[in-house]
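The values are calculated or read from the model by the stated rules, or taken from the named source; none is laboratory data. Predicted model, so just to flag it, every value in this text is computed and none were measured. Because the Cβ atoms are built from the backbone with ideal geometry, glycine has one as well, and the counts that use them run over all protein chains shown.
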Amino acid sequence: MPSLRHAIAADLRTQITMGHLKAGARLPSEPRLAAQYKVSTPTLRNALALLQAEGLIEKIHGKGNFVRHPLRRLTYTGGRLTPDTDLHVTIRTTNLRARGDLIPLLKVPSRTPLTEFLCLTHQGESPHSLARIYVPRDSTPAELPWCRTGLAEIQETVTARLPTPEEASNLRISSTLPVLTITRVSSDRVSRVVEAALVVLPGDRANALFTTHHTTEERGTEG
C-alpha cells in the first residue's frame, strides 16, 4: 500500500498530466492542501518534494508552489549550453580574495584578489543553470572570461552530487534532485590558470557531451 506522501504526489501528478493543473498555475497553500488531504503539513511537504524532484513543480520563496513549465533539455558541450536561443543570463560581479578550494584550483596564493562572475541562466521565468566563474584580478581581460582567446588548455571534471542549499534555492529545485557539476579550469600558453568555472546543471534537464578527435600519423616507407 502506498504511503500517504506517495498517494498525494500521485494524485497531484495526475492532475498535472491530465491538464487540470496547468503549467504556471499556483497550487493551493500548503496548509490548505494539508487540510484537503487530511495530513500534517510535513507529510504534505514530503509529497511536494517528490514532485519537485521530478521537475513537475517548483517552489518560489515567498510565493508558493507552482506547476513548472516543461523545460527544454540542454546539452553542455565545449563550455557552452546548446540550444541557447530561448535562454537569457543574469550576471552579478563580485570582487573577493582567494580562499579555501579556490587557492589550489586557480594555483594562486591565499588572499589573491579575484573577480567572481555569478551567472544564472533562465528559460522564461525558470532558472535553468548556475555558474560561478573566477578570474585573478590582475589578469582579467577587457572581455568577459568566457569570450577569452589565447587559451592553451582547458580541463573539465564532471561530478554528480546533491545540490547545496544555496544551489537548490537559486535553481528552485528539490534538495533531493541530483545535479551535474562541471569544474572547468582554463590555462594560457605558459600554464598559468586564467579562469576557473564551477557549473551546476540540474540532472532533470542536462546532458554533457565530450568529443575526442584522434589523429593518425602516416609514416612513409623508405625504398
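What the table below lists for this structure:
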read-out: Residues satisfying the stated conditions in region 42-62, i.e. in contact (Cβ under 8 Å) with a residue 24 or more places away in the chain, among the small types (Gly, Ala, Ser) and in a loop (DSSP other than H, G, I, E, B); value: 55
read-out: Every pair of residues 6+ apart whose Cβ atoms lie under 7 Å, when the first sits in region 15-41 and is without any contact (Cβ under 8 Å) to a residue 40 or more places away in the chain while the second is surrounded by 12 or more Cβ atoms within 10 Å (Cβ to Cβ) and of a type in the set (D, E, K, R); value: 30/45; 41/30
read-out: Test: residue in region 204-216 that is at pLDDT 90 or above, crowded, with 17+ Cβ neighbours inside 10 Å and under 22 Å from residue 75 (Cβ atoms); value: no
read-out: Pairs, first over 27 Å from residue 172 (Cβ atoms) in region 189-215, second at pLDDT 85 or above and in a loop (DSSP other than H, G, I, E, B), C-beta under 7 Å, six or more apart; value: 193/107; 194/188
read-out: Output for region 149-173, where each listed residue is under 11 Å from residue 203 (Cβ atoms), of a type outside the set (A, V, I, L, M) and in contact (Cβ under 8 Å) with a residue 24 or more places away in the chain; value: 163
read-out: From 142, 152, residue being at pLDDT below 95, surrounded by 11 or more Cβ atoms within 10 Å (Cβ to Cβ) and of a type in the set (Gly, Ala, Ser); value: 152
read-out: Where residue 99 falls short, out of the listed (1) modelled with pLDDT of 80 or more; (2) within 21 Å of residue 182 (Cβ to Cβ); value: (2)
read-out: Selection within region 98-112 - on the phi < 0 side of the Ramachandran plot and surrounded by 14 or more Cβ atoms within 10 Å (Cβ to Cβ); value: 98, 102, 103, 105, 106, 108, 112
read-out: Any chance residue 65 is in a strand (DSSP E or B), under 23 Å from the mean Cα position of the chain (by Cα) and loosely packed, with under 12 Cβ neighbours inside 10 Å; value: no
read-out: Segments classed as strands (runs of 3 or more DSSP E), wholly inside region 144-214, with at least 3 members that are among the β-branched types (Val, Ile, Thr); value: 153-161, 179-187, 193-202
read-out: Checking residue 108 against (1) farther than 15 Å from residue 171 by Cβ; (2) free of Cβ contacts under 8 Å to residues at least 60 places away in the same chain; (3) touching a Pro at 6+ places or on another chain (Cβ under 8 Å), the condition it does not meet; value: (2)
